[in-house]
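Here, each number is a calculation from the coordinates, and none is a lab measurement. Nothing here was measured: the structure is a model prediction, and the numbers come from that model. Note that we place each Cβ from the backbone using ideal geometry, even for glycine, and neighbour counts take in every protein chain shown.
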Amino acid sequence: MNTNCTASCRSIVLTRGTKARALYLGLFALGMAGAASAGPIISFDAPGAGTGSGQGTGCFAFTDCSVVLNNFGAITGYYLDANNVFHGFVRSPEGTFTTFDSPGADTTVGDFNGTLPNAIDDAGAITGVYYDANSVGHGFLRTREGAFATFDAPGANGLTNPIALNLEGAAVGYYFNQNDTFGAFLRRPDGTLETWSAPGAASTGAYNINIFGTVVGHYQDNSSVVHGFVRSPQGKLTTFDAPGAGTGSGQGTGSPGSSVGLNVFGAIAGYYIDANYVVHGYLRDPTGEYATFLPPGVGPQGINCYNDCPISLNDWGSITGIYLDANNVYHGFLRTPDGKFTTFEAPGADRTPGSLNGTFPYGINDQGVITGYYLDANNVSHGFVRLP
């Protein structure tokens, strides 16, 4: 695989480290608390998105989903076309689309391969995974200008999946290794790669990185209990468990595939599963203190997302995510820094009892803009953006 950027890519990497913090401070000064109680919701479809069941913009069968945004309002994600091929897209704040495919991505009709972006930084760079003709997943980094670098984690065996990207160009994620388990990786701005596993872990995944290089994620131990971790920029690993997290198989802090929110101050947001398999949200502040929560309207199993639990935390402390109600319909929520909740639905979201459809927020920026996708009554997915 090509692990080298083009000249355009290298230029961005070299200048990013010296400009990133200044850009961040400018964004923070312009930011809003993202705590509005209501806001208009605009739906969108990437050009070329399929219109059949299981197709559309944002998700396929509620697995491996992503529709995310940066602090300027640019949104990235992927769509499944009518030929069942995945493609990436960027939606500008004005609503203009650019679609793309990573070099090496398989676009064979009916293969369900292609390009799946997972993150966009404030410089417009995008990272994600593409699947080749052998259905092997590789990482990619795309600059704002459209230059690509592709890569594999050392020892990867079938999958390298970058999940998050910071403004300095460092990407983290997880990979499938030679022992048939998952490990975490960090790709530095210069293209060098490092892998690690948490102590006593059967599998480990990195799910977020902030501008200072702090990484968060979770790992599953040999008893199938999930725990959180924080990795310092110097590589020191600290593990943690949310209060109330269960200690049985399939319980704990997080779940395989679920996201973890992280902001510039080191606050962390995620989910935990208690001893009764009820799913709760948590917010861990930089000192290690916790607030746990359930949005209003949750069903008896709490937030109830196990395989793909989206949650996003902005630098003001606002959190967005999903919950399942007693009728088995998903809804979006916004939790403000003072702990108040607003729940919301995207227009056109299917709310048929028992459908497991609904509204699925995936990202919130420092201006309070939320993005994600929703499933309609025909099981077609569409993107949305909720304005503050």
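Counting only DSSP beta bridges with both residues in the range 43-314, tell me the antiparallel percent, nearest 5. Counting only bridges with both partners in the range 43-314, antiparallel ones make up about 95 percent.
What you get for the range 43-314, charging only the Cβ of Lys and Arg (+1) and of Asp and Glu (-1), is a dipole of about 360 debye around the Cα centre.
Taking Cα centre as origin and charging only the Cβ of basic (Lys, Arg, +1) and acidic (Asp, Glu, -1) residues, the dipole magnitude of the range 196-336 rounds to 220 debye. The range 229-284 and the range 355-388 have Cα centres separated by 23 Å.
Using Cα springs under 10 Å in a Gaussian network model of the chain, which residue among Gln251, Gln301, Gln178 shows the largest mean-square fluctuation? Greatest mean-square fluctuation among the candidates belongs to Gln178.
Positive-end ranking of His382, Pro199, Tyr290 along the dipole of the chain, with charges on Cβ about the Cα centre, is headed by Tyr290. Counting neighbouring beta carbons within 10 Å and listing from fewest to most, the residues Val226, Val90 come out as Val90, Val226. Derived scalar couplings between HN and Hα for the range 112-126 equal 6, 9, x, 10, 10, x, 10, 7, 9, 9, 6, 8, x, 6, 10 Hz in order, rounded to whole Hz, by the Karplus curve 6.51 cos²θ - 1.76 cosθ + 1.60 (θ = phi - 60°), x for Gly and Pro.
Answer rounded, prolate or oblate for the chain, using the Cα gyration tensor with square roots of eigenvalues a ≥ b ≥ c: rounded when a/c is under 1.5, else prolate when a/b is larger than b/c, else oblate. Taking the square roots of the gyration eigenvalues as a ≥ b ≥ c, the chain is rounded. Note: relative contact order over the range 43-314, using C-alpha pairs below 8 Å and six or more positions apart, is 9 percent.
Fully extending the segment from Lys340 to Ala133, taken as 0.36 nm per residue of separation minus the present Cα-Cα distance, adds 69.8 nm. DSSP beta bridges confined to the range 266-388 are antiparallel in about 95 percent of cases.
Most tightly packed first, judged by the mean number of other beta-carbon atoms within 10 Å of their residues, the peptides 91-102, 166-177, 316-327 read 166-177, 316-327, 91-102.
Across the range 70-85, the residues whose backbone nitrogen lies under 13 Å from the label position 7 Å along the beta-carbon direction of Thr51 are 82.
Along the axis of the charge dipole computed for the chain (Cβ charges of +1 for Lys and Arg, -1 for Asp and Glu, origin at the Cα centre), the listed residues Ile41, Thr99, Gly317 are led at the positive end by Gly317.
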